[in-house]
């Protein structure tokens, strides 16, 4: 479940929009979340795309805890950031501004 406290109405509507496959509307929703809606985090993007942290960890041979720490900003491991970005179809720079 996505933590929704503090999100504005537009943000909630975008997060509740069903995303299927990689059609253009799905990519537009992700673009809107990443670029236009501050406060929506990487975890929300993964949920919207139905990508599980454990699947990223298994696919790239990372620990699930390490993937989780990167997603929530507790670690800054470049390789894990690259894997998460790749799975979301975005760049590292789009997801992390630091």
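At a Förster radius of 30 Å, what calculated FRET efficiency corresponds to the Cβ-Cβ distance of residue 76 and residue 50, to the nearest 0.05? Let's see the in-between values first.
On the way: r = 26 Å, r/R0 = 0.85.
Computed FRET efficiency for residue 76 and residue 50 comes out at 0.70.
Just grab the label-to-label distance for residue 69 and residue 96, each label 7 Å out from Cα along the Cβ direction, in nm (one decimal).
1.2 nm
Quick note: the coordinates plus some simple rules give every number you see, no bench work behind them. Just so you know, these numbers come straight off a predicted model, no measurement behind them. When we count neighbours, we look across all protein chains shown, and the Cβ atoms used for this are built from the backbone with ideal geometry, even at glycine.
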